[in-house]
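What follows is one structure encoded as structure tokens, with my remarks underneath.
The values are calculated or read from the model by the stated rules, or taken from the named source; none is laboratory data. Small disclaimer: the values here were computed from a predicted structure and weren't measured. With ideal geometry, Cβ positions are generated from the backbone for all residues, glycine too; neighbour counts draw on all protein chains shown.
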Amino acid sequence: MNEFTGLFWVLCALLALLCAAFVAVPVWRARRGAADAGETGRAEANIALFRERKQELEADYAAGELDREELDALLIELQKSLLTDVESAERPQDRKAGDRESISWRSPALLAPLALTILLPLAAWLMYGQWGHLGDVELMDQFQRTVQNENDPDTARDLVLSLGEEVQENPERPWAWYFLGENLSTLGMFDVANSAYRQAAERLSEDDEKALALGRVVLTAYIMEQLRITPEVQDLIDSTLELNPDEPNVLQLLASDAQEREDYDAAIGYWRRLSQLNPNSQTARENIANLQRLRAGDAAGGPAIEVEVAIASDLPLDPELRVFVSARNAQADGMPPLAVADLTVADLPARIRLDDSLAVGPFNLSSAESVFVSALVSRAGTANRASGDYFAETEAFSLENPPAPVELVISDIVP
């Protein structure tokens, strides 16, 4: 049992004791209240009998059946009897005996809550052991410890050995295999990690989960093939994308491979898909910007538009919101933009250059005669306008004589 598991069971025990207190204390108070109520009831009954007997004696006196001396003597005797009854009820030994009787361990009213207090935590422990996922939580804890100690090979090896023992004892646990692969990858043991990921993929049933494991299989296979997409790696890629067309590991691999082949358009396309999966990804934005600069050499000599973009000073916008600056064909309304630059609010004010290197579709600036330029602050992280977004837009102008520069101040809200 590791430190995490021990803490888990200590907390469970404390919660069980707290639950027991919630059951036991009200029962104890109820039983004690019942005993006190019984004593109070007996005292009130004695007083009622005293008053009734007193009224009878006074009625006999009024009817002439008793003289004054007889009445006074009987009243004194009646008062003594009442005092004797009250003192008897309040004697400590009688009270303790009554308490013992009221809280007898054999009483069903007490045995039932006590039995539930003991049996419920036991049943919960047995059910959790049968259907719970404590083992998976422990595996996640082990993986996190490995990542935290990635610069300590000795600690990492110890944790990998621990996970290895786990999969040997219970080989049908897919996430045990997956986290074993993660740790082996951290240590650079990609061949063994590849085997572990394959074992995980074979045992996972959900498409997204299986695709996640296969994505790691693809990455480790790509590394072992000296960063080349061999026919075997391509088959793995196809199998993974059939399960999840947007599997991040595979998209990142394809983007890297396209960049290595200097196919910048394809690489930018993959990174844009990754950016749509995670609109706040700084890595995706940086890679897109870098690829666009690399592609700019192919667009030398084409039209270009210098744009200065700023945000109105009275708009307190989140610095992480994405900003899209685009040029569109003024004579082809509704068509995709000819060039797009992707920024964030934190980047503004900024001066950017729109040219053919920033094309996102089959058409670029060179394919148009006149354009208009717009800037959009997108809350959804996409280039399509939506209600609540902020924008600015120019009138159409000819690319033969564009403004130098185009100035955009984002202030209008999309209704």
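The single condition among (1) within 26 Å of N170 (Cα to Cα); (2) of a type in the set (A, V, I, L, M, F, W, C); (3) surrounded by 21 or more Cβ atoms within 10 Å (Cβ to Cβ) that F190 does not satisfy is (3). If you go through the range 308-321 and keep only what is surrounded by 15 or more Cβ atoms within 10 Å (Cβ to Cβ) and more than 13 Å from A350 (Cβ to Cβ), you end up with L317, L321. Of the residues making up the range 310-363, those that are basic (K, R) and farther than 22 Å from N278 by Cβ are R328, R351, R353. In this structure, does F397 turn out to be surrounded by 15 or more Cβ atoms within 10 Å (Cβ to Cβ) and more than 19 Å from P279 (Cβ to Cβ)? Yes: the conditions hold for F397. Does any residue of the range 232-241 turn out to be without any contact (Cβ under 8 Å) to a residue 60 or more places away in the chain, among the β-branched types (V, I, T) and touching a Leu at 6+ places or on another chain (Cβ under 7 Å)? Yes; the residues of the range 232-241 include at least one that is without any contact (Cβ under 8 Å) to a residue 60 or more places away in the chain, among the β-branched types (V, I, T) and touching a Leu at 6+ places or on another chain (Cβ under 7 Å). Among the conditions (1) loosely packed, with under 15 Cβ neighbours inside 10 Å; (2) at pLDDT 90 or above, the only one that G334 does not satisfy is (2). Of all positions in the range 204-214, none carries a residue that is in a helix (DSSP H, G or I), without any contact (Cβ under 8 Å) to a residue 60 or more places away in the chain and either of a type in the set (F, W, Y) or not assigned by TED's automatic domain parsing to the domain that holds P248 (or both). In this structure, does E308 turn out to be of a type in the set (D, E, K, R), assigned by TED's automatic domain parsing to the domain that holds T394 and over 24 Å from P402 (Cβ atoms)? For E308, the condition - of a type in the set (D, E, K, R), assigned by TED's automatic domain parsing to the domain that holds T394 and over 24 Å from P402 (Cβ atoms) - is not met.
Screening the range 228-273 for residues that are surrounded by fewer than 19 Cβ atoms within 10 Å (Cβ to Cβ) and of a type in the set (S, T, Y) and picking the one that is farthest from A200 (Cα to Cα) gives S256.
There is at least one residue in the range 299-307 that is in contact (Cβ under 8 Å) with a residue 60 or more places away in the chain, surrounded by fewer than 19 Cβ atoms within 10 Å (Cβ to Cβ) and of a type in the set (D, E).
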